[in-house]
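Structure first, commentary second.
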Amino acid sequence: MIREALSMDRLLPTPDRMRALTTRLLAFVGAAATALEESVDDLPMDDPVRRDALAVVKEARYRRGIGPGDGYGSAMAFTRSLGQAADALVRQRRRLAHDQGGHDPVGPDASPIGFNTPECLDER
């Protein structure tokens, strides 16, 4: 899903496919932003890891709130933007896990917060 949204500059989806992608990305970005934010709640306020994570969360929520606008072109740009936000959240979550010496939260043993759902990372 993320890869498909990011490749919209090369492959133009049908309006129905774009609506489906947008719906799934909106849900994913909302859940992933909340999960990432919660995962750094216990870190000190001035911790650079916490600041970086919260910056990614803020950007993702901003992109989520923009909306698709009018027309196919703006809807495509919105969906692609959601894909970029989702990708940034996944990357930040991986970085956080690596910095804390943990496992990859996007791998097969991930918690069920949306980071490990196969449709988020597939090539469809």
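Observations on the model:
- Candidates A31, A5 - the one that is closer than 22 Å to A97 by Cβ and in a helix (DSSP H, G or I): A31
- Residues within segment 35-49 that are part of a helix (DSSP H, G or I) and over 17 Å from the mean Cα position of the chain (by Cα), tallied: 2
- Residue check, D41 acidic (D, E) and under 26 Å from T23 (Cβ atoms): no
- Any hit, segment 86-107, residues being modelled with pLDDT under 50 and either among the hydrophobic types (A, V, I, L, M, F, W, C) or not in a helix (DSSP H, G or I) (or both): yes
- Restricting segment 1-52 to residues that are at pLDDT below 90 and under 11 Å from A86 (Cα atoms) leaves a set whose member that is surrounded by the most Cβ atoms within 10 Å (Cβ to Cβ) is A5.
- Test: A55 is modelled with pLDDT of 90 or more, over 10 Å from the mean Cα position of the chain (by Cα) and under 30 Å from D70 (Cα atoms): yes
The values are calculated or read from the model by the stated rules, or taken from the named source; none is laboratory data. Treat the numbers as computed from the prediction; the structure is a model and nothing was measured. All Cβ positions, even for glycine, are placed from backbone atoms using ideal geometry, and neighbour counts span all protein chains on display.
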